[in-house]
Amino acid sequence: MQWDFVIYTPESTRDDGTHVKEQRRALPIDEAFKRIAGTDRRPLLVLRECSVCNKTDSALLRPGVDNEKTMVLSRWFHCVKLPVDVIEPDQPFNSLFPTNDAEHLFVCSVDGSNRIPLESDTSRPELWAAMAKVLGVSYAKDPNAATKEILKTHDKLDTLDSQLSELVKSRDDALETRGRLDKDKVQKLEKEIDAAKKEIDALRKSIDRLAKLDLKPAKPA
């Protein structure tokens with residue numbers, strides 16, 4: 001997961017021109033959304049860390065294959081992590097998670113609209129449905145088709161990676177064989193290794209192309 005760790009430390013200017021830190025205070029919710037979004041117009045996936053999941057992705061990801069679709073969908077979000085103390089009343093982003101009973105994470109449009117609260121134990125289908133709903137209102141083209149194609153391509157990559165590992169092992173074994181070196185066999189394996197690497201590179205580039213989706217035009221201020 002590619003996370004953005006947003007820190008807000010406001011400063012004020014004295015009459016003599018020097019800068020001092022202001023007393024910590026919670027931002028209004030509309031200002032909080034502007035600060036965490038910054039110049040990134042993608043929809044938001046915002047997670048608050050806790051004592052259990054601190055410095056991990058365990059609040060969103062689970063051991064097993066279910067993570068793959070979550071990570072594919074997450075690439076179209078601006079993923080933001082907020083610190084454990086976000087539930088403190090004077091923390092700048094407290095308005096996003098005002099109490100310890102607040103949800104663990106949420107997805108929403110870049111301005112905070114279309115917010116869908118989620119928990120770490122939310123079922124994967126519910127999580128994906130929430131992510132897809134926000135993506136659907138944020139992008140000019142529904143990412144559902146691209147998601148399916150990317151997941152299919154991941155399967156092809158897994159197969160090719162396994163094949164490449166076997167080819168490399170066979171090539172290395174042939175080079176280490178005692179006695180006369182079978183140059184023809186080694187050359188054949190080298191060609192197959194090069195072909196597999198080129199195919200892997202082509203598939204990775206196809207994933208990048210599939211992932212390039214245009215956001216809907218920004219609403220007038």
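The values are calculated or read from the model by the stated rules, or taken from the named source; none is laboratory data. The shown structure was predicted, so the numbers you read here are calculated from the model rather than taken from an experiment. Please note: Cβ atoms are built from the backbone with ideal geometry, for glycine as well, and neighbour counts cover all protein chains shown. Only protein heavy atoms, including side chains, enter the accessible area calculation; ligands, DNA and RNA are left aside. Shrake-Rupley method; radii C 1.70, N 1.55, O 1.52, S 1.80 Å.
Six or more apart or on different chains, Cβ under 9 Å: which pairs go from a residue in the range 21-43 that's of a type in the set (D, E) to one that's surrounded by fewer than 14 Cβ atoms within 10 Å (Cβ to Cβ) and assigned to a loop (DSSP other than H, G, I, E, B)? Could you list them?
Within 9 Å, the pairs are E22/T9; E22/P10.
Residues that are polar (S, T, N, Q), open to solvent by 50 Å² or more (accessible area, probe 1.4 Å) and over 30 Å from F106 (Cα atoms), at least 3 per element: which helices (runs of 4 or more DSSP H) completely within the range 119-221 meet that?
Counting at least 3 such residues, we get 144-176.
Is it the case, given these coordinates, that V107 is among the β-branched types (V, I, T), in a strand (DSSP E or B), under 30 Å from T153 (Cβ atoms) and at pLDDT 90 or above?
So V107 passes the test.
So, restricting to strands (runs of 3 or more DSSP E) that lie completely within the range 1-83, which ones have at least 3 residues that are at pLDDT below 80?
11-13, 19-21
Which of the residues spanning the range 84-117 are open to solvent by 10 Å² or more (accessible area, probe 1.4 Å) and under 30 Å from K212 (Cα atoms)?
H104, S109, V110, D111, G112, S113, N114, R115, I116, P117
Quick one: P89 ticks every box in (1) under 15 Å from the mean Cα position of the chain (by Cα); (2) assigned to a loop (DSSP other than H, G, I, E, B) except a single one, so which number is it?
Looking at each condition in turn, P89 falls short on (1).
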